[in-house]
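Below is one structure, written out as structure tokens; the observations come after it.
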Amino acid sequence: MATLTKQQIGTVLAKQGILIAFAIFMIVFTIANPKFLTMDNLFSVVRSSAILGIMALGVTFVVISGNLDLSVGSMMSFSTIVVLDLHDELGPLLAIPAMFGMTLCLGAFIGFLVGYLRLNSLIVTLGMLSAIHGLTLTYSGGQNMDIADKEGTWFSIFGQGSALGIPMPILIFLGLAAILGIILSKTPFGRKIYAVGGNGTAATFSGIRRARTVFACYLISAFCVATAGLIQASRSLGSQNTVGQGMELEVLAAVILGGASLLGGSGTIFKTVIGVLILGFIQNGLLIMGLEFYVQYVVTWVIIILAVWLDIAAKRGKLWSSIA
Amino acid sequence: MTGKTPVLRLENIVKTFPGVRALDGVSLSILPGEVHALMGENGAGKSTLMKVLGGIHQPNEGQIIVAEEPTVMSGPLDAKAKGIVFIHQELSLAEELSVAENIYLGELPRKSFGRVDWTTLAEKTNAILKKLNVGFDAGTRVGDLSIANQQMVEIARALTVDAKAVIFDEPTASLTDAEKVVLFEVIADLQSQGVGIAYISHRMEEIFKITDRISVLRDGQYQGTLNTAETNEEGVTQMMIGRKLDLSRNVSHHELGDVALEVRGLSCGDLYSDVSFEVRRGEVVGFYGLVGAGRTEIAETLFGLRDPSAGTILIDGQEVKIHSPYDAIERGISLVPEDRKGQGLVLGMNCRDNMTLPQVDDLKAGPFVSDGAEIAIFDQYRDKLDIRTPGWKQTVGNLSGGNQQKIVIGKWLSMHPNVLIVDEPTRGIDVGSKAEIHNLLRDLAAQGYAVIVISSEMPEVLHVADRIVAMYSGRVMRTFTSEEVTEENLIAAISGLGGDQAA
């Protein structure tokens with residue numbers, strides 16, 4: 001095809017729209033404020049995106065399986081509070097596995113409701129968003145949680161340490177992304193997730209145990225949330241009950257931005273990582289421009305809408321359909 | 001009929017998609033007052049041609065000419081405005097609305113303040129319904145109508161505009177014989193009013209009953225147009241598939257093996273009761289009966305989708321309990337389901353991944369899925385089943401019905417099942433692929449597979465089955481061997497007449 005037709009250009013635009021918009025965005029921000037494109041700033045974006053990014057990795061599994069997870073924000077608050085509390089009660093060595101265990105139980109509960117009882121994931125996880133928040137408040141008695149001896153613990157290594165000059169959160173994010181990416185794209189389990197999300201009935205008719213697959217996706221999501229909570233707790237060594245509040249939407253924005261379809265059956269870990277970075281740079285750009293951080297809330301929503309729109313536009317090959 | 005100006009003419013239409021030349025220089029003309037059949041195997045380009053005509057796709061080359069005026073169709077509404085109307089196989093009616101509302105949807109007559117003028121609406125609608133001579137009126141809720149009558153509503157909708165050409169896409173797919181007669185009367189009526197009719201169907205008998213001319217497509221290319229009166233089924237089939245078709249009765253001559261599957265007194269609520277039969281390796285057992293006779297439900301039970309209320313299932317003489325498709329597959333029972341797109345395939349996945357899906361756990365190199373093993377299986381069954389696809393990366397949703405069905409069959413064959421159950425093996429599949437699939441099923445039996453074929457097409461069961469289990473209302477009426485069976489005694493058995501109780 002030597003010459004591109006108008007329609008083909010349209011399709012390319014729609015498919016790569018997010019990347020193109022991102023490139024324009026980067027250029028505008030760099031011109032507006034040269035600080036934007038410095039190594040220091042780039043590094044700080046990736047570091048501040050790591051916690052969100054780790055949660056997005058797990059949610060990618062859930063979304064590909066054709067479900068949603070809106071509980072990750074309040075679940076992350078839960079993990080953070082629990083691990084901080086247990087740190088002083090049991091010591092870090094026992095606190096960490098105990099917190100992982102408790103968070104995984106929450107994930108298993110959601111996985112049971114959505115996978116085995118086949119309840120709608122939007123309702124289940126929206127409810128869990130609220131229920132886990134209540135659980136966290138009950139656990140903490142509404143108090144902020146702080147580690148007593150902030151200087152004398154090795155617990156800070158996950159949030160504040162570094163190896164080879166790279167901050168720990170980034171290493172954990174990229175390491176987890178690599179492992180989960182391989183699981184999703186290379187293993188039979190990963191293939192089954194795509195099948196279940198693409199057509200659950202046909203997957204069942206091919207002998208795939210759908211409930212088990214969905215259950216496992218929520219466990220993975222909970223594992224990622226626990227990891228994110230660990231880093232969050234380790235970074236600040238103290239936390240409010242609401243530390244993860246609102247993150248479920250940002251996480252979802254990053255996943256959709258990466259191109260996973262909310263209908264299930266498509267998306268990759270690599271694309272989610274890209275989505276996380278794009279979101280991080282946009283939020284950072286806005287801050288550098290001097291806008292208040294709460295503008296982010298509006299921007300996150302705009303990005304979700306834009307991403308969903310472009311996804312649909314790419315599928316039908318034009319920006320709007322005449323058959324509305 | 002020569003000398004008339006065609007109501008609709010297509011000239012040298014070319015439509016390409018990435019990697020595929022879906023239409024390759026198709027020309028066609030529809031004269032006023034004729035019924036013009038459009039035939040071709042699945043994947044021959046009929047649907048694409050209709051989409052070009054309806055403005056859903058724009059052709060890369062060629063022209064659409066309506067009443068001698070070259071036209072560009074911008075969409076289905078535009079096509080309708082230009083007098084080209086489609087009656088689709090899948091109906092698009094709002095079930096909760098009345099007949100009148102459906103017919104005039106979007107253009108309801110109005111009174112002041114935008115209120116609907118119900119009186120005029122009813123009058124206009126009843127006038128059209130009278131022309132169609134149907135037994136319902138403007139106020140009937142569409143959801144209460146039979147499929148056939150719903151189709152009449154679609155036709156009525158077509159008649160609200162000054163239709164020059166009406167295109168029927170497989171209109172009789174879900175109609176009973178009596179309903180077909182009414183449809184054909186309506187078509188004859190339209191014909192006498194000078195409307196040109198394009199008629200897409202796989203059913204030869206209808207084609208020869210009602211059409212004047214037959215145009216054939218093959219692999220996106222126009223093969224020619226025949227006068228119906230001057231040709232026969234064989235001629236058309238040959239044109240469609242480019243070779244001769246053997247439709248003779250198959251009878252197996254190979255030795256039968258052990259009993260692979262035995263079912264004793266199986267019951268499932270009031271869906272079916274006390275069903276017993278056995279299937280040996282090397283034979284095809286056909287299940288024949290009317291819709292609702294319980295055939296599909298038996299298959300679903302064997303495949304673990306329904307739990308039986310009584311009875312036993314034995315595989316190789318061992319009693320087994322099957323509670324899920326996973327269990328069934330473990331025991332070597334495979335099901336090619338009736339609803340290919342909904343149950344058989346993940347349409348958004350590629351060909352290879354669909355084919356290897358049930359055994360993906362066993363195709364490992366270390367902890368990972370082995371690309372090489374998967375491609376080897378795909379290649380083997382693509383060649384064996386003659387699946388036509390540009391490559392394994394092709395998304396299954398882009399294949400024709402026949403090729404999709406072969407992917408589903410390949411999916412199970414590659415696992416060497418003890419029992420292969422095929423529910424409606426050729427539903428929505430064209431003549432050429434149909435014969436291929438029939439031969440394939442026979443070959444499988446010859447290779448020692450135990451095969452169950454469920455079908456609502458009598459020629460199909462007669463053609464492929466060594467024994468036929470006739471069902472009526474959830475019961476096995478009689479089991480025929482291929483020597484005993486005749487069309488007459490089979491019909492008698494499935495209608496609940498005569499027939500000895502279970503053999």
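Among the residues of the range B:94-115, write down those that are closer than 23 Å to B:Leu183 by Cβ and surrounded by fewer than 19 Cβ atoms within 10 Å (Cβ to Cβ).
Within the range B:94-115, B:Ala94, B:Glu95, B:Leu97, B:Leu105 qualify.
Just to be sure before I move on: is B:Asn439 out of contact with any helix residue (DSSP H, G or I) (no Cβ under 6 Å at 6 or more places or on another chain), among the polar types (S, T, N, Q) and assigned by TED's automatic domain parsing to the domain that holds B:Leu302 in the structure I sent?
It is true that B:Asn439 is out of contact with any helix residue (DSSP H, G or I) (no Cβ under 6 Å at 6 or more places or on another chain), among the polar types (S, T, N, Q) and assigned by TED's automatic domain parsing to the domain that holds B:Leu302.
Yes/no matrix, rows are residues, columns are (1) among the hydrophobic types (A, V, I, L, M, F, W, C); (2) at pLDDT below 95; (3) within 15 Å of A:Ser221 (Cα to Cα); (4) more than 22 Å from the chain's Cα centre (by Cα):
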site	(1), (2), (3), (4)
A:Gly53	no, no, yes, no
A:Gly66	no, no, yes, no
A:Asp69	no, no, yes, no
A:Met75	yes, no, yes, no
A:Pro92	no, yes, no, yes
A:Gly101	no, no, yes, no
A:Ala131	yes, no, no, no
A:Gly142	no, yes, no, yes
A:Ser162	no, yes, no, yes
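Can you list the strands (runs of 3 or more DSSP E) lying wholly within the range B:36-148 that have 3 or more residues being farther than 30 Å from B:Thr237 by Cα?
In the range B:36-148, the matching strands (runs of 3 or more DSSP E) lie at B:69-71.
Find the residue count for the range B:302-317, including only residues that are within 14 Å of another protein chain (Cβ to nearest Cβ) and either under 17 Å from B:Glu278 (Cα atoms) or assigned to a helix (DSSP H, G or I) (or both). Let's see the steps before the verdict.
So in the range B:302-317, the residues within 14 Å of another protein chain (Cβ to nearest Cβ) come out as B:302-306.
Narrowing further to those that are either under 17 Å from B:Glu278 (Cα atoms) or assigned to a helix (DSSP H, G or I) (or both): B:302-303.
Qualifying residue count, the range B:302-317: 2.
A quick yes/no check of all residues on (1) within 13 Å of another protein chain (Cβ to nearest Cβ); (2) surrounded by 15 or more Cβ atoms within 10 Å (Cβ to Cβ); (3) under 21 Å from B:Asp361 (Cα atoms):
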{"site": "B:Gln380", "(1), (2), (3)": "no, no, yes"}
{"site": "B:Lys393", "(1), (2), (3)": "no, no, yes"}
{"site": "B:Gly401", "(1), (2), (3)": "no, yes, no"}
{"site": "B:Gln404", "(1), (2), (3)": "yes, yes, no"}
{"site": "B:Val408", "(1), (2), (3)": "yes, yes, yes"}
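Step by step: first the residues of the range A:232-246, then only those that are surrounded by 23 or more Cβ atoms within 10 Å (Cβ to Cβ) and of a type in the set (A, V, I, L, M, F, W, C), then the one that is nearest to A:Gln143 (Cα to Cα). Which residue is that?
Ranking the qualifying residues of the range A:232-246, first place goes to A:Val243.
Could you tell me how many of the residues in the range B:149-192 are part of a loop (DSSP other than H, G, I, E, B), touching a residue at least 40 places away in the same chain (Cβ under 8 Å) and surrounded by fewer than 16 Cβ atoms within 10 Å (Cβ to Cβ)?
Step one: of the range B:149-192, the residues part of a loop (DSSP other than H, G, I, E, B) are B:160-164, B:170-176.
Remaining after also requiring touching a residue at least 40 places away in the same chain (Cβ under 8 Å): B:160-164, B:170-171, B:173.
Still in the running and surrounded by fewer than 16 Cβ atoms within 10 Å (Cβ to Cβ): B:160-162, B:173.
Final tally of qualifying residues: 4.
Which number in (1) in a helix (DSSP H, G or I); (2) within 30 Å of B:Gly348 (Cα to Cα) marks the one condition that A:Met128 misses?
(2)
Of the conditions (1) touching a Lys or Arg at 6+ places or on another chain (Cβ under 9 Å); (2) within 30 Å of B:Thr48 (Cβ to Cβ), B:Pro367 satisfies every one except a single condition; which number is it?
Of the numbered conditions (1) touching a Lys or Arg at 6+ places or on another chain (Cβ under 9 Å); (2) within 30 Å of B:Thr48 (Cβ to Cβ), the odd one out for B:Pro367 is (2).
Which of the residues belonging to the range B:469-493 are under 12 Å from B:Ala293 (Cα atoms) and surrounded by fewer than 22 Cβ atoms within 10 Å (Cβ to Cβ)?
B:Tyr472, B:Ser473, B:Gly474, B:Arg475
Would you check which residues across the range B:352-375 are in contact (Cβ under 8 Å) with a residue 40 or more places away in the chain and within 7 Å of chain A (Cβ to nearest Cβ) and list them? It would help to see each step written out before you state the result.
We begin by selecting, within the range B:352-375, every residue in contact (Cβ under 8 Å) with a residue 40 or more places away in the chain; these are B:352, B:354-359.
Answer for the range B:352-375, where residues must be in contact (Cβ under 8 Å) with a residue 40 or more places away in the chain and within 7 Å of chain A (Cβ to nearest Cβ): B:Leu357, B:Pro358.
Taking the range B:56-106, which residues are among the acidic types (Asp, Glu) and either within 14 Å of chain A (Cβ to nearest Cβ) or closer than 27 Å to B:Tyr222 by Cα (or both)? If you could, list the steps in order and put the result at the bottom.
If we filter the range B:56-106 for residues that are among the acidic types (Asp, Glu), which is where we start, we get B:61, B:68-69, B:78, B:90, B:95-96, B:101.
Hits for the range B:56-106 are B:Glu61, B:Glu68, B:Glu69, B:Asp78, B:Glu90.
Give the residues of the range A:185-202 that are assigned to a helix (DSSP H, G or I), over 23 Å from the mean Cα position of the chain (by Cα) and either more than 7 Å from chain B (Cβ to nearest Cβ) or touching a residue at least 24 places away in the same chain (Cβ under 8 Å) (or both), sorted by residue number.
The answer is A:Gly200, and nothing else.
Looking only at helices (runs of 4 or more DSSP H) that lie completely in the range A:218-324, which have at least 3 residues being within 14 Å of another protein chain (Cβ to nearest Cβ) and out of contact with any Gly (no Cβ under 6 Å at 6 or more places or on another chain)?
Here the list reads A:295-316.
Just one of the numbered conditions (1) closer than 27 Å to B:Ala492 by Cα; (2) out of contact with any helix residue (DSSP H, G or I) (no Cβ under 9 Å at 6 or more places or on another chain); (3) surrounded by fewer than 21 Cβ atoms within 10 Å (Cβ to Cβ) is not true of B:Ala310; which one?
The failed condition is (1).
Pull up the range B:318-351, narrow it to residues that are part of a loop (DSSP other than H, G, I, E, B) and facing another protein chain (nearest Cβ under 10 Å), then point me to the one that is farthest from the chain's Cα centre (by Cα).
B:Ser324
Does the range B:328-347 hold any residues that are surrounded by 22 or more Cβ atoms within 10 Å (Cβ to Cβ), under 22 Å from B:Asn403 (Cα atoms) and either of a type in the set (Gly, Ala, Ser) or without any contact (Cβ under 8 Å) to a residue 40 or more places away in the chain (or both), and which are they?
B:Ser334, B:Gly344, listed by residue number.
Within the range A:79-90, how many residues turn out to be in contact (Cβ under 8 Å) with a residue 24 or more places away in the chain and more than 26 Å from the chain's Cα centre (by Cα)?
Residues meeting the conditions: 1.
For the range B:94-151, which positions are among the aromatic types (Phe, Trp, Tyr) and under 31 Å from the mean Cα position of the chain (by Cα)?
Selection gives B:Tyr104, B:Phe136.
The values are calculated or read from the model by the stated rules, or taken from the named source; none is laboratory data. As the structure is a prediction and not an experimental result, all values here were calculated from the model. Using ideal geometry, Cβ is built from the backbone for each residue, glycine included, and neighbour counts are taken over all protein chains shown.
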